[in-house]
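Engineer: Quick one: the structure is below, and I'll ask about it shortly.
The values are calculated or read from the model by the stated rules, or taken from the named source; none is laboratory data. Because the structure is predicted, anything quoted here is derived from the model rather than measured. Here the Cβ positions follow ideal geometry from the backbone for every residue, glycine too, while neighbour counts run over all protein chains shown. To get the accessible areas, we keep the full protein, side chains included, count just its heavy atoms, and leave off ligands, DNA and RNA. Shrake-Rupley method; radii C 1.70, N 1.55, O 1.52, S 1.80 Å.
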Amino acid sequence: MSVLIGVLALQGDVREHIAAVERAGGQAVPVKTREELARVDGLIIPGGESTTVGKLLDRFGLMDPVRALPQEGKPIFGTCTGMILLAKEIEQSEQPRLGLLDVTVRRNAFGRQVDSFEEDLPIAGIEGAPVRAVFIRAPYITHVAPEVEVLAETHGHPVLVREGALLAAAFHPELTDDPRIHRLFLDMVEHAKAQRDA
Ligand code: GLN
């Protein structure tokens with residue numbers, strides 16, 4: 001089935017995500033307007049700085065249209081900043097957010113000593129070798145609601161989770177050549193589109 005993935009292009013490594021979707025066998029376009037958003041079957045929110053991207057979502061009139069996507073059967077994948085913006089709760093912050101994913105996140109959670117690092121993570125539901133995960137001033141999850149599936153953890157905290165049409169990673173799968181996490185998201189989008197078309 002052919003689906004079109006949008007990559008939110010307000011800040012962050014948009015090109016890398018588009019290339020990663022293509023490596024996973026899909027098609028992706030940058031999204032900056034409501035019109036562009038209306039054309040896609042699923043959306044990736046890249047890393048960046050979550051307070052900035054939250055403000056830009058408001059300024060570009062995208063907060064409500066993005067928030068409505070899961071109800072329309074259009075999945076969202078948030079990486080790093082994207083995970084923070086998806087979360088219902090952000091520790092010690094009132095910053096603007098989508099607030100869709102029933103988790104609490106802690107920003108810059110790994111602290112100064114391990115500010116950025118890479119690790120091989122075993123991931124539930126992904127076959128073969130562990131996935132190389134690149135963490136850059138990453139958040140982690142400190143609380144998950146029962147309906148949230150934890151797919152990977154490090155340092156005792158969830159760093160890849162799924163809840164219905166939402167997928168969130170604390171790390172940057174677009175920065176390696178491994179297409180498996182983007183493939184997982186493409187499978188969610190294809191499945192959701194099949195349901196919509198049925
Ligand atoms: N620390 C950033 C934030 O709080 C996230 C970093 C990233 O996206 N790589 O938004």
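Engineer: Once you treat every alpha carbon in the chain as an equal point and sum by Debye, what is log10 I(q)/I(0) at q = 0.11, 0.13, 0.15 Å⁻¹?
Structural biologist: With no solvent term, the Cα-only Debye profile gives -0.43, -0.61, -0.84.
Engineer: Between GLU22 and ARG34, how many nm apart are label points set 7 Å from Cα along the C-beta direction?
Structural biologist: 3.1 nm
Engineer: Residue farthest toward the positive end of the dipole of the chain, with Cβ of Lys/Arg at +1 and Asp/Glu at -1: which of ALA152, GLN27, ILE181?
Structural biologist: Sorting the options by dipole projection puts first GLN27.
Engineer: Next question. Would you mind working out the magnitude of the charge dipole of region 47-127 relative to its Cα centre, with +1 at each Lys and Arg C-beta and -1 at each Asp and Glu C-beta, to the nearest 20 Debye?
Structural biologist: Magnitude of the dipole: close to 360 debye.
Engineer: Continuing with the same structure: Give me the accessible area of ASP120, 1.4 Å probe, in Å² rounded to the nearest 10.
Structural biologist: 80 Å²
Engineer: Say a site is exposed when it is one of the trypsin sites (Lys or Arg not before Pro), sits in a DSSP loop, and has at most 14 other Cβ atoms within 10 Å; what is then the longest site-free stretch of the chain?
Structural biologist: That would be 113-198.
Engineer: Roughly speaking, what is the stretch gain from ARG67 to SER116, that is 0.36 nm per residue apart minus the C-alpha to C-alpha distance, in nm to one decimal?
Structural biologist: Value of the extension gain: 14.7 nm.
Engineer: Could you please state how large a percent of the accessible area of the chain is carbon and sulfur, counting protein chains only and using a 1.4 Å probe?
Structural biologist: The C+S portion of the solvent-accessible surface of the chain is 47 percent.
Engineer: Sort ILE141, ILE136 by heavy-atom solvent-accessible area, probe 1.4 angstrom, most to least.
Structural biologist: ILE136, ILE141
Engineer: Another question about this same structure. In region 86-190, which GluC sites (Glu not before Pro) are in a loop and have at most 16 other Cβ atoms within 10 Å, using DSSP for the loop call?
Structural biologist: GLU91, GLU94, GLU127, GLU147
Engineer: For the chain, what does the helix formula give at 222 nm: sum of -39500 (n - 2.57) over DSSP H segments with n ≥ 4, over the residue count, nearest 500 deg cm²/dmol?
Structural biologist: Mean residue ellipticity at 222 nm (helix-derived): -8000 deg cm²/dmol.
Engineer: Could you name the aspartates and glutamates whose alpha carbon sits less than 20 Å from that of LYS193, not counting residues in the same chain fewer than 8 places away?
Structural biologist: LYS193 reaches GLU22, GLU35, GLU36, ASP41, GLU72, GLU163.
Engineer: Two decimals is fine: what's Rg over Rh for region 1-105, C-alpha atoms, Kirkwood radius as Rh?
Structural biologist: 0.95
Engineer: If amide hydrogens are placed 1.01 Å from N in the peptide plane, which non-local residues have theirs closer than 5 Å to the one on LEU121?
Structural biologist: VAL131, ARG132, ALA133
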